[in-house]
1. If you check every pair at least six apart or on different chains, which have Cβ atoms under 8 Å apart with a residue in region 74-91 that is within 13 Å of H154 (Cα to Cα) first and a residue that is part of a loop (DSSP other than H, G, I, E, B) and open to solvent by 50 Å² or more (accessible area, probe 1.4 Å) second?
2. Do you know which residues across region 28-49 are of a type in the set (D, E) and either part of a loop (DSSP other than H, G, I, E, B) or under 13 Å from the mean Cα position of the chain (by Cα) (or both)?
3. Inspect region 105-112 for any residue being of a type in the set (S, T, Y) and either in contact with a strand residue (DSSP E or B) (Cβ under 6 Å, 6 or more places away or on another chain) or more than 30 Å from H39 (Cα to Cα) (or both) and give the result as yes or no.
4. Working only within region 4-15, note down all residues that are at pLDDT below 95 and surrounded by 19 or more Cβ atoms within 10 Å (Cβ to Cβ).
5. When you check A124 against the structure, is it closer than 24 Å to A51 by Cα, within 18 Å of the chain's Cα centre (by Cα), assigned to a strand (DSSP E or B) and not aromatic (F, W, Y), yes or no?
6. Looking only at region 19-44, count how many residues are within 19 Å of D156 (Cβ to Cβ) and in contact with a Leu (Cβ under 6 Å, 6 or more places away or on another chain).
7. Suppose we filter D71, D52, D43 for residues that are touching a Ser or Thr at 6+ places or on another chain (Cβ under 9 Å), under 22 Å from G107 (Cβ atoms) and free of Cβ contacts under 8 Å to residues at least 40 places away in the same chain; which single one remains?
8. Just the residues that are in a strand (DSSP E or B) and touching a Cys at 6+ places or on another chain (Cβ under 9 Å), please, taken from region 127-155.
Amino acid sequence: MRLPGRYDGVARPIVTYGSNPVLHRPCTPVTEFDRPLRHLVLDMFASMTAADGVGLAANQIGVDARVFVIDCPDADGEDVVGYVVNPVLTVLEPVGDEPAVEVTEEGCLSVPGPYAELERAFRARVDGVDLNGDPTAIEATGMAARCLQHEVDHLDGTVYVDRLPADVRERLLAEAAGPEGDLPA
């Protein structure tokens, strides 16, 4: 679902791994479809853009709400732009000669810097509602499908590094922390 004026919000700081418990627990479903929700979505688009991201979940700006935004190309290079409130993810079967899964590098604004290869479904769909509580869905392939899966993971309290082997996760978190060790474990 596209949102007119979607980049008119205010960029908020990105929550980093280990710095706020909201990033590590399932988010609360949205029940109020009001002006503050619209402002949240606008702020999420602005925050994602300011951080040079392709997707953002509400808990990545410290908000406990099941909402994400996306602005990411699909397998054909077409931009998938939208948002979904209370999304439910479905991994879809491949169409034609598409692969079922794809292993490629993935990164995260909440783990700034490093990337790691991670297997994700090539085709995915989220169903949820828009700012008015009306049904909406996004179906995507390639990187945009990866983004849908990544953002729903966030809303479920899982950061992509949590899906990696412990030694790889520890290395990436140390890399993200940098020499000053700014990223909490």
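1. Between residues of region 74-91 that are within 13 Å of H154 (Cα to Cα) and residues that are part of a loop (DSSP other than H, G, I, E, B) and open to solvent by 50 Å² or more (accessible area, probe 1.4 Å), the close pairs are N86/P29.
2. Step one: of region 28-49, the residues of a type in the set (D, E) are 32, 34, 43.
Across region 28-49, the qualifying residues are E32, D34.
3. Taking region 105-112 as the starting set, the residues that turn out to be of a type in the set (S, T, Y) are 110.
Add one more test, that the residue is either in contact with a strand residue (DSSP E or B) (Cβ under 6 Å, 6 or more places away or on another chain) or more than 30 Å from H39 (Cα to Cα) (or both), and what stays is none.
So far as region 105-112 goes, no, none of its residues is of a type in the set (S, T, Y) and either in contact with a strand residue (DSSP E or B) (Cβ under 6 Å, 6 or more places away or on another chain) or more than 30 Å from H39 (Cα to Cα) (or both).
4. Initially, region 4-15 is screened for residues at pLDDT below 95, giving 4-10.
The answer is R6, G9.
5. No.
6. From region 19-44, those within 19 Å of D156 (Cβ to Cβ) are 19-31, 40, 44; that's our starting set.
Cutting the leftovers down to in contact with a Leu (Cβ under 6 Å, 6 or more places away or on another chain) gives us 27, 44.
Total satisfying the criteria: 2.
7. Working: D52 fails: touching a Ser or Thr at 6+ places or on another chain (Cβ under 9 Å); D43 fails: touching a Ser or Thr at 6+ places or on another chain (Cβ under 9 Å).
Answer to the selection: D71.
8. First pass over region 127-155, keeping only residues in a strand (DSSP E or B): 127-129, 135-141.
A140, the sole residue that qualifies.
The values are calculated or read from the model by the stated rules, or taken from the named source; none is laboratory data. A quick note: this is a predicted structure, and the numbers were derived from the prediction, not measured. Counting neighbours? That spans all protein chains shown, and the Cβs are built from the backbone with ideal geometry, glycine included. Side chains included, ligands, DNA and RNA excluded: accessible areas come from the protein's heavy atoms. Shrake-Rupley method; radii C 1.70, N 1.55, O 1.52, S 1.80 Å.
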